[in-house]
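Accompanying notes for the structure given below.
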Amino acid sequence: MQYVSTRGNSPAVGFSAALQRGLAPDGGLYVPDAWPSFDPATLPPSDPLPPLAAAFIAPFAAGDVLQAQLPAILAEAFNFPAPLRPVPGNDSGNERLYVLELVHGPTAAFKDFGARFLAASLAKLRPPGSRPLRIIVATSGDTGGAVAAAFHRRPGFEVVVLYPKGLVSPTQERQLTCWGGNVRSFAVLGTFDDCQRMAKEALADAELRASSELSSANSINLGRLLPQASYYAAASLEIWRKHGQRASFIIPSGNLGNSVACVWARKVGLPIDEILLAHNVNRTVPEYLETGQLRTRPSVATLASAMDVGAPSNLERLAFLHPDIDDLRHAVSATSVTDEEISARIRTEHAAHGLVWCPHTAVAAEAYRKLPQERRDKHWVIVGTAHAAKFREIVEPLIGRRLGMPSALQALFDRPSQFEEIPASLEALRAALQASGTHG
Ligand SMILES: *Cc1c(COP(=O)(O)O)cnc(C)c1O
């Protein structure tokens with residue numbers, strides 16, 4: 001299997017190279033040059049996830065050195081479950097509502113699946129004795145924690161986390177700064193956009209490149225998308241085997257990585273029906289589907305902060321697959337939810353059913369409530385993207401009680417916090433990195 005750029009101006013590369021490069025040289029995103037095709041009846045059981053994920057990803061890695069190692073990589077990366085649970089309080093008529101809980105990894109959000117798969121894969125590709133690979137990640141919250149956790153204490157890797165000082169929640173900041181060792185966290189005196197610009201500039205900087213190999217681990221990496229597609233494969237198979245029906249997914253969306261993963265799973269033959277992209281008031285995608293005009297804009301801050309994206313990078317992959325706007329409208333639908341609706345949904349479902357949604361998952365729960373009755377008569381799955389305790393500053397006042405921490409998250413909170421504050425410039429980052437010497 002070869003991977004080509006969405007922009008069509010880069011040479012095709014194999015699976016390993018696409019993982020190592022992240023972005024294609026022409027600035028496009030890697031997509032497969034041909035699609036495998038699965039017969040759902042021949043796939044392994046959906047539980048446990050690692051063997052199914054290995055079978056699902058195998059044809060995408062056909063001919064690559066990593067193909068034979070997928071079972072080991074997935075056993076290591078997916079060492080926590082992704083349960084599909086019925087949502088209580090939905091017993092009317094034919095309605096069957098589930099939540100796919102992607103919150104049981106070390107940083108309690110779905111980004112653990114992609115980050116851990118990428119880390120385990122890149123570790124297999126490092127020749128012994130090679131100089132450390134420095135991974136630079138700009139984050140507005142969840143990505144940085146997941147990437148830091150996935151590479152923490154891995155020999156041959158260093159992680160540099162850049163986050164905007166004062167613009168992430170106290171709980172998120174803890175997760176970005178609790179690592180030490182081979183992870184260095186920088187509180188940048190600027191915005192998330194500044195962090196992203198600095199990461200891009202650093203990756204292209206000759207001086208930094210001379211001192212270590214550099215890479216990124218952002219959400220456009222193929223090595224984050226494919227493992228995410230495998231949990232859609234598992235969930236849809238579980239529903240198909242149980243009910244003989246295809247599953248429809250409502251996905252809390254920002255950069256569209258998680259949504260493109262679901263579209264890809266359906267594309268290769270998994271029993272998936274509708275895919276509904278649930279956005280906060282950053283309405284770029286819903287508006288694009290309505291008007292056919294792509295109007296990117298600066299992001300607006302919302303309660304579902306990990307989805308505050310005004311220019312979703314993976315839209316390029318969706319448009320590559322469905323260049324015709326009517327075709328794209330047929331493939332996915334999209335909706336937008338306000339902060340007031342998020343708060344009300346968290347409050348109401350806690351009061352009525354004892355459910356505790358994180359603000360992102362609440363966007364999907366609200367999108368489900370807004371579906372017209374005739375579309376509800378399906379097997380819908382709300383994708384639970386983060387544990388509510390990760391956003392306890394928002395959720396606890398709404399539900400009027402304290403939340404217990406999952407033990408993995410609690411373990412992070414027991415570690416000391418360490419970070420360095422730097423101005424929002426490449427020079428400041430370069431100086432801090434060059435001055436580092438050895439650490440950890
Ligand atoms: C990153 C994130 C999202 C958005 O996912 P995309 O792949 O960027 O669309 C949604 N919810 C949570 C909790 C996240 O961390």
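Only the coordinates and a few stated rules stand behind these numbers; no lab work does. Predicted model only: the values in this text are computed from it and were never measured. Because the Cβ atoms are built from the backbone with ideal geometry, glycine has one as well, and the counts that use them run over all protein chains shown.
Annotation: the antiparallel percentage among DSSP beta bridges lying fully within the chain is about 20. Report the calculated FRET efficiency for GLN245 and SER37 (r = Cβ-Cβ distance, R0 = 25 Å), to the nearest 0.05. That pair, GLN245 with SER37, gives E of 0.75. Per-residue Cβ neighbour counts within 10 Å put TYR232, TYR368 in the sequence TYR368, TYR232, beginning with the fewest. Placing pseudo-labels 7 Å out from each Cα toward the beta carbon at ARG153 and SER425 gives an inter-label distance of 3.9 nm. Listed by Cβ neighbour count within 10 Å, with the fewest neighbours leading, MET1, MET198 appear as MET1, MET198.
Inter-part distance, the stretch 37-77 to the stretch 137-203, computed on C-alpha centroids, equals 30 Å.
Helix-only arithmetic for the chain: the sum of -39500 (n - 2.57) across DSSP H runs with n ≥ 4, divided by the residue total, places the mean residue ellipticity at 222 nm at -12000 deg cm²/dmol. For ARG369 and GLN434, the FRET efficiency from 1/(1 + (r/R0)^6), where r spans their Cβ atoms and R0 equals 60 Å, is about 0.70.
For a straight C-alpha distance cut-off of 30 angstrom, the lysines reachable from LYS200 (same-chain residues fewer than eight places away being disregarded) are LYS111, LYS124, LYS165, LYS390. Site pair ALA352 and ALA12 shows an inter-label distance of 5.1 nm when each label is modelled 7 Å from Cα along Cα→Cβ.
Distance between the pseudo-spin-label points of ASP47 and ARG329 (7 Å out from Cα toward the beta carbon): 4.0 nm. Distant-in-sequence amide contacts of LEU97, defined by a placed amide H-H separation under 5 Å and a gap of 5 or more residues or a different chain, comprise VAL87. In this Cβ point-charge picture (+1 for Lys and Arg, -1 for Asp and Glu), the chain has a dipole of about 640 debye about its Cα centre.
Here the stretch 174-243 is treated with +1 on each Lys and Arg Cβ and -1 on each Asp and Glu Cβ, and its dipole about the Cα centre works out to around 400 debye. Straight-line cross-link partners of LYS242 among the lysines, defined as a Cα under 24 Å from its Cα and at least 8 positions apart when in the same chain: LYS267, LYS378. Between the C-alpha center of the stretch 267-301 and that of the stretch 303-346 there is a gap of 2 Å.
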